[in-house]
Amino acid sequence: MKKLFFLITISVTIITTYASPSFYLIKDGKSFHSIWLSNPKNKEMMNAAIVFNKYFEQISGHTLLFSNSKTLTKTKIAFVLRTKNEKPVLTDEGFIIETIDDNLIFSAQTTKGLENAVYSFFEKYMGCRYYAHDAIVIPKKQDFEVPCIYEVSNPAFSFRTIYYYEAFQEGYSRWNMLSNATQSEDNASQISFGWGLWVHTMHKLVSPEIYFESHPEYFAMRNGIRVKDQLCLSNPEVLKITIKSLKKEIAKNPKAKYWSVSQMDNFSYCLCDKCRMIDSIEGSPSGSIIRFVNDVAKNFPDKVVSTLAYQYSRQVPTITKPLPNVNIMLCSIECERSKPIDYYTGTGSFTNDIESWAKVSSNILVWDYLINFQHIVNPFPNFHVLAPNIKLFARNHVNMLFEQGYADVGGEFNKLRCYMLAKLMWNPEANSDSIMNDFLNGYYGAAGPFIRQYIDIETAELIRSAKTLGTEPPVNHVNGFLSIANLTTYFKIFENALNAVKDDVEKQKRVNVAMNSVRYAWLEVCKSIPFTNDWIFAKNTNGDYVVKEEALKMLNDFTNIASKSGLKRTHENKLSLMEYENSMMNYFNNGCVKHLAVNKPISFEIPCDPKYAATEGCLVDGIHGTSDYQLMWQGWYGKDAIATIDLEKNTFIENVKVTCMDDSQSWILLPKTISVETSLDGKSWKNAASITNEDWGKKIDKQNKTFILMFNKVEARYVKLSITNIGNLPSWRGENGYAWLFVDEIEVF
């Protein structure tokens, strides 16, 4: 048998022995073992032992006594703290589990490592599971034989945080060995203990509310003017204020090690001459950031200053290297999720960027993304890329990992994804299929194999379609994994799953929550495929389009199940469940509209952009677009929309309605003016009405706005609508470019 050497780091006791054969820890519901601590005065070590005793009692019905022996003798559950120079080398959270002479020994360099050893032992050897707060498995055992064990385990990442609701529950975080803070009312926004400020902190440190009016030069120069969006990082006063503000923040929480000094969540970085010169020399806007953050970090040598490599700052600077106490928070937000990240290589790819950062820093946190934030309930078959991506991060010496899901209750397969990630973040080489099956069978019982079948089919269909997976609307996959045929298949699989657990109310609820993603996808897809057999509307006997009973039932089922499960939103930070239901009911009632221009010929003086042409005649098809501008909308970049409608006969009209979109994040802004002209012959025109949009160029919430132009009843055959684009983006947008003008249905009455 393998010879093992074990050093007890109290007094001078050394055990040198051969590994023992298996032994009974529990026999006939009893145990003759006791708990032994290498340092009984260490309260945290005692806490780890108490955790062991707590679950041991639940399993066996037997409570272990604590040994008063000063040395380790037989039949002990031993807890031992090692010194840092002992081999094998352990990280702060790593541990060793081994059996020697009928002793079960947990050893680690820290008490956190000892706690991890306890939870790992119960899960790996005693069959315990913490799938979720509502699915904890602690099996009862009358007999338990401990096999010969020698296990050394270190986590692949020193920081392992998952942004899902489950991961912030105390029991979950401990059982699954995560770095998440446990949430309570006084720390509800804290991601992880040890962090003072988390992310997007520049405005907290240099507030535009305090400084912008008196010192606009502290803020970013964009298109010749100063804007509040970001800071001017080449301004020495900004550095002084940042350092002063950070000192105050640290004084409030001196134990925290990590402090974020990072860009705001927009693209409006400073383009003043000095910042632009620095970034030109460095080959990336990250150049001015790293220089600035390095100067901050020099003032806090006992802390780690974290900054973002995010969107415009993702590329590594060519000259300046981050200081050792600067943490690079590298974000993969642009990556699509149908393929592993390292499928794409070369300049501009995330693979290239992570490899480049790894060459200049050994202090990297990867911020990875897991769901469709625009449609958090929608099916998102990315399970096949989780392990490959985490292996990529580990390969490039990333030492910290943050996986962003959805931290509130809800989100598609949130508990499954959270469980898989927790296991893979500790050990990227673990078998992801086995982890998934373990969860599905444990959480869903007899329905588990059916849900696995569903996941396998939707994943295969996604891959077959060659479509990308990101934040696109569900209907983008109508010819892929969310085709009507596939959705029909998924419903059948879930019906089989429900039938498999028909006598288990709790598991029926769990299956229904999982099935709700398919209900949501059906609603979103079917409302966006007009004039097909699968559209949510159908003609009644009068020839009018009315919503199908099937759609009403689907929405009712979706909202009822979502409400009972605790889902609050269908979007990352808006569209509450009630708002979503109301918006769908509004679309059911008003999505189809009858007016005089329906299906009449329409022409444009300036064609819309080919990328956003929707379908021919879509502006007079009697169907309103949704909140997704990619569908049923037409867009003009920097140009006016001038449309002429032929009513095909002389008709009396008295108002025109037109719906436009405002989504400034996507450069889409409401028009400046709208005017209506009428004609009997298409040659001689009379002005009927004109309006000026009072909100043009203003920063407003994303919305679809319907403009109504009323006028005295007039006879006309031709109607010309001139919708004026605002032209250049407003200065507050911080970008040099033109506005998009997006137009939906033009209604004539």
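Bear in mind these aren't lab numbers, they're just calculated from the coordinates by the rules spelled out. Computed from a predicted model, the values in this text were never measured in an experiment. Positions of Cβ are generated from backbone atoms using ideal geometry, with glycine treated the same way; all protein chains shown enter the neighbour counts.
A few remarks follow.
- Qualifying trypsin sites (Lys or Arg not before Pro) in segment 669-749, where qualification requires a DSSP coil assignment and no more than 15 other C-beta atoms within 10 Å, comprise LYS683, LYS698, LYS699, LYS702.
- Taking only the C-alpha atoms of segment 3-154, the Rg (one decimal) and the largest Cα-Cα distance, Dmax (whole number), read 14.6, 46 Å.
- Distance (nanometres) between label positions extended 7 Å along Cα→Cβ at ASN352 and ILE700: 4.2 nm
- Remark: relative contact order (the chain) = 8 percent; criterion is Cα-Cα distance under 8 angstrom and separation of 6 or more residues.
- Potential extension, LYS257-SER576 segment - 0.36 nm per residue separation minus Cα distance: 111.2 nm
- Residue-averaged [θ]222 nm for the chain, counting only DSSP H segments that reach four residues, each worth -39500 (n - 2.57): -9500 deg cm²/dmol
- Listed from fewest to most Cβ neighbours within 10 Å, the set ARG174, ARG337 follows the order ARG174, ARG337.
- Percentage relative contact order, segment 263-385, counting C-alpha pairs under 8 Å, at least six apart: 21 percent
- Over 20 Å apart at the Cα level, from the set LYS112/LYS141; LYS228/LYS274; LYS672/LYS720; LYS600/LYS657; LYS568/LYS699; LYS240/LYS359, are LYS112/LYS141; LYS568/LYS699; LYS240/LYS359.
- The length gained on full extension between ASN736 and GLN311, counted as 0.36 nm times the residue separation minus their Cα-Cα distance, comes to 151.3 nm.
- Amide hydrogen proximity for VAL478: with H placed 1.01 Å from N in the peptide plane, no residue at 5 or more positions away or on another chain lies under 5 Å.
- Correct choice for percent of Cα pairs over 34 Å apart that was computed from the model, options [x] 59; [y] 55; [z] 49: [x]
- Grouping the Cα pair distances of segment 602-748 into 10 Å bins from zero gives a pair-distance distribution of 12, 43, 33, 11, 1 percent in increasing distance order.
- Cα-Cα pairs of segment 443-529 separated by more than 20 Å (percent): 35 percent
- Under 5 Å, built H, 5+ apart or other chain: amide partners of LEU365: ILE328, MET329, LEU330
- Cross-link partners of LYS705 among aspartates and glutamates, defined as those whose alpha carbon lies under 19 angstrom from its own and excluding same-chain residues fewer than eight positions apart: GLU579, ASP621, ASP628, ASP640, ASP662, ASP663, GLU694, ASP695, ASP744, GLU745, GLU747.
- A Förster radius of 60 Å combined with the Cβ-Cβ distance from MET277 to ASN542 puts the calculated FRET efficiency at roughly 0.30.
- Packing rank of 26-34, 618-626, where each peptide gets the mean count of other beta carbons within 10 Å, highest leading: 618-626, 26-34
- Over segment 483-611: Rg over Rh, Cα atoms, Kirkwood Rh: 1.07
- Taken along the Cα-to-beta-carbon direction at a fixed 7 Å, the label points for ILE243 and GLU151 span 5.0 nm.
- A Stokes-Einstein calculation at 25 °C with viscosity 0.890 mPa s, built on the Kirkwood radius of segment 561-671 over Cα pairs, returns a diffusion coefficient of 149 µm²/s.
- Alpha-carbon centroid distance for the pair segment 240-317 / segment 89-124, whole angstrom: 39 Å
- Contact order normalised by residue count of segment 194-331, Cα under 8 Å, 6+ apart, percent: 25 percent
- For segment 435-491, convex hull of alpha carbons as volume per residue, Å³: 95 Å³
- Computed extension gain for LYS140 through ASN687, at 0.36 nm per residue and net of the alpha carbon distance, reaches 188.5 nm.
- Beyond 25 Å in Cα-Cα separation lie the following of the pairs LYS84/LYS247; LYS244/LYS574; LYS255/LYS391; LYS339/LYS507; LYS27/LYS74; LYS30/LYS54: LYS84/LYS247; LYS244/LYS574; LYS255/LYS391; LYS339/LYS507.
- DSSP-assigned coil residues among trypsin sites (Lys or Arg not before Pro) in segment 37-93, each with at most 14 further Cβ atoms within 10 Å: LYS41, LYS70, LYS74, LYS84
- Normalised convex hull volume, segment 194-331, alpha-carbon set, Å³ per residue: 95 Å³
- By the beta-carbon count within 10 Å of each Cβ, the least crowded to most crowded order of CYS270, CYS232, fewest first, is CYS232, CYS270.
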